[in-house]
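Comments concern the structure below.
The values are calculated or read from the model by the stated rules, or taken from the named source; none is laboratory data. What you are looking at is a predicted structure, and each value in this text was computed from that prediction instead of being measured. Every residue, glycine among them, receives a Cβ derived from its backbone with ideal geometry; neighbour counts consider all protein chains shown. Ligands, DNA and RNA are excluded from the accessible area calculation, which covers all protein heavy atoms including side chains. Shrake-Rupley method; radii C 1.70, N 1.55, O 1.52, S 1.80 Å.
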Amino acid sequence: DEEFDELCFEFGLELDEITSEKDIISKEKGEEKAKGASDVVLYKIDVPANRYDLLCLEGLVRGLQVFKERINLPRFEKIIPAEGEGQRLIITEQTAQIRPHAVAAVLRNITFTKDRYDSFIDLQEKLHQNICRKRALVAIGTHDLDTITGPFTFTAKAPSEIKFKPLNQSQEYTASQIMDLYRTDSHLRHYLHLIENKPRYPVIYDSNGVVLSMPPIINGDHTKISLNTRNVFIECTGTDITKAKIVLDIIVTMFSEYCEKPFTVEAVEVVYPNGKTHISPELAYRTEKVKPEYINKKVGISETASSLAKLLTRMCLKSHVTGNGSHIEVEIPPTRADIIHACDIVEDAAIAYGYNNIQMVIPKTYTIANQLPLNKLAELLRLDLAAAGFTEALTFALCSQEDIADKLGMDISATNAVRIANPKTAEFQVARTTLLPGLLKTIAANRKMPLPLKLFEISDIVVKDPNTDVGARNYRHLCAIYYNKSPGFEIIHGLLDRVMQVLEVPPNEENGYTIKAAEGTAFFPGRCAEVFAKGQSIGKLGVVHPDVITKFELTMPCSVLEINIEPFV
């Protein structure tokens, strides 16, 4: 187990845990339920999301064998049948509105065992979940070719016109009935929404009108695969042609090793509505050139070109040195759709070299880290506010529109607030433009605490600003609140004086701070003042308006101070 864990780590995978079905069930549901479950040891392995070729046992074992240099990477071969003998998949124009793309392939003379069959089904399920985005982009159907006759037609029909016996059911249903049937199915109900409200449903027929499948929901029972199946017809339909091709490539490369002629796949001709034909699967090999010094520089190693080529070959990227050592030519196999840029090749070279073998060096750039001045000021102010007897609160940066507008007696358009496009809850619709609602909600949640309540928060607020690259700007605000049987305006005013004292801002007009009577919708008339410092208005303090207090479900008067601290940095 330890050796295997080590091997996985070297290959860039993580052996998550070693367990068994019995252990899993007893952990989740208790020992009673686990009786009779299998004791077979299971390895749980974390595979990176980009490596679709490691999602089944076949691909994983093959990858590790090549990595250990026990086998060479097999060469996948596409067999194009003689004229008129191969299978054809004809796409009609009706599919354009719902699932326009399809690709297909045939695995000839394949031998299934129970384990291989389980792995085959399991791989489809894993692909459905990740690259196929829960079948939204691609849906896979696999069929017993000997039960049907080509050419096949991929079309779309009204739900009432489609009638067949779905997989593992005993009778025929129309497409609309199938939707009702699976509405309660824990597994399939998640996919119904993909086509449910469309006027036509996609469907694949053979030349005799037998339904192969109704993607992306269910296959027909007629073509279901068993352990005795010898020839498999695989179709991938979807809304994204690139992903459909990748999915088909992965399935055929993983399971063609069980064909009579290993690693061969029979091609299928796909005919598009405009008459164009395309041979699938692609199974495309391509070559890329990388400079050895580029790899060495990015990874921080100094290997020769030939040893880098050897490292890449161990990662299933067959490589050799060209142009007397100036370049490495890398062949990308069809299993590696994740190689998009030179950096992907560099990453594989680094994995094969071994991250633990890369020498640690001190970076060449000489820098001294420093705290952001604004954060430093905020930290210092927090200490002084706490020393003044106020308790720090931390509230959410997002709030509802009512919190910053209606409840404070303002119009939402006047707040200049940044809105969330698709808020998950009513509580998180906009970014806050003031810290006051957060503190009022905190007091409402702590009404049982003994009075007085003295809270403060120093955090960012967000307002729209068309002059910035992101269209919004943050300001660091300080907000303090005093909640008691009497408003306590003098306490909040005293706190403002203390804050200015620690900031070394004198109380005068020339180069200090002043307060002037003002009005604010959230404040009691005649009990509100605006704070001026550094020649600009930095905020307000005052007694909160009774309407605001009742809207936040409070019962006592309170006074509040909110200023912008950025001018003092």
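Taking R0 as 60 Å, what's the FRET efficiency between E490 and K364 from their Cβ-Cβ distance, rounded to 0.05?
0.55
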Average accessible surface area per residue within the chain, 1.4 Å rolling probe, Å²: 52
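Hey, what did the chain get for relative contact order, percent, Cα under 8 Å, at least 6 apart? Spell out each step's value before the answer.
Numbers: 1037 pairs, mean separation 64.7, N = 569.
Over the chain, the number comes to 11 percent.
Using a cut-off of 15 Å between beta-carbons, work out the net charge of the residues near A158 (Lys and Arg +1, Asp and Glu -1, A158 not included). Display every interim value, and only then the final one.
Details: positive: K157, K163, K198, R200; negative: E161, E196.
That sum, taken over residues with Cβ under 15 Å, equals +2.
Count neighbours as other Cβ atoms within 10 Å of each site's Cβ, and list the chymotrypsin sites (Phe, Trp or Tyr not before Pro) in segment 489-569 that are DSSP loop with at most 13 such neighbours.
Numbers: sites: F489, Y513, F523, F532, F552, F568; in loops: F552.
Loop-located and lightly packed - none at all.
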Listed residue (V41, G30, G12) projecting farthest to the positive dipole end of segment 1-46, Cβ model: G30
Between segment 487-541 and segment 60-112, the alpha-carbon center distance in angstrom: 74
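About its Cα centre, how strong a charge dipole does segment 373-568 have in debye, to the nearest 20, once Lys and Arg get +1 and Asp and Glu get -1 at the Cβ? Walk me through the numbers before you get to the answer.
Numbers: 20 positive and 23 negative charges, 99 e Å.
Its charge dipole is roughly 480 debye.
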When each of K454/K534; K516/K551; K157/K198; K441/K551; K68/K310 is checked by Cα-Cα distance, pairs over 19 Å: K454/K534; K516/K551
Relative contact order for segment 140-252, counting Cα pairs under 8 Å that sit 6 or more residues apart, in percent: 38
Between 0 and 90°, nearest 10: helix 305-314 axis offset from the chain longest Cα axis: 80
Cα long-axis angle, helix 373-387 against the chain (0 to 90 degrees, to the nearest 10): 50
Whole-percent carbon and sulfur share, accessible surface of the chain, 1.4 Å: 51
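What's the magnitude of the charge dipole for the chain around its Cα centre, counting Lys and Arg as +1 and Asp and Glu as -1 at the beta-carbon? Answer in Debye, nearest 20. Working shown, then result.
Values: 64 positive and 76 negative charges, 182 e Å.
The calculated dipole for the chain is roughly 880 debye.
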Relative contact order of segment 1-46, pairs being alpha-carbon contacts under 8 Å that are 6 or more residues apart, as %: 43
Integer Hz, Karplus 6.51/-1.76/1.60 couplings in order for segment 507-520, x for Gly and Pro: x, 8, 6, 4, 10, x, 10, 9, 10, 10, 4, 8, 10, x
Span from the segment 7-41 Cα centroid across to the segment 194-254 one, whole angstrom: 33
Lysines whose Cα lies under 17 Å from that of K224, excluding same-chain neighbours fewer than 8 positions away: K114, K163, K165
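Could you list the GluC sites (Glu not before Pro) in segment 39-132 that lie in coil according to DSSP, counting only those with at most 16 other Cβ atoms within 10 Å of their Cβ? Working shown, then result.
Details: sites: E58, E69, E77, E83, E85, E93, E125; in loops: E69, E83, E85.
For GluC sites (Glu not before Pro) across segment 39-132 that sit outside H, G, I, E and B with at most 16 neighbouring Cβ atoms in 10 Å, the list reads E69, E83, E85.
Based solely on its DSSP helices, what 222 nm [θ] is calculated for the chain when runs of n ≥ 4 H residues each add -39,500 (n - 2.57) and the sum is averaged over all residues, nearest 500 deg cm²/dmol? Working shown, then result.
Values: 15 runs with 150 residues, N = 569.
One gets -7500 deg cm²/dmol as the mean residue ellipticity at 222 nm.
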Between segment 424-476 and segment 141-178, the alpha-carbon center distance in angstrom: 56
Cα-based helix-to-principal-axis angle, 489-502 vs the chain, degrees rounded to 10: 80
Y355 paired with I79, simple spin-label distance in nm, labels 7 Å along Cα-to-beta-carbon: 4.3
Neighbour cut-off at most 11 other Cβ (10 Å), DSSP loop, chymotrypsin sites (Phe, Trp or Tyr not before Pro), segment 334-381: Y366
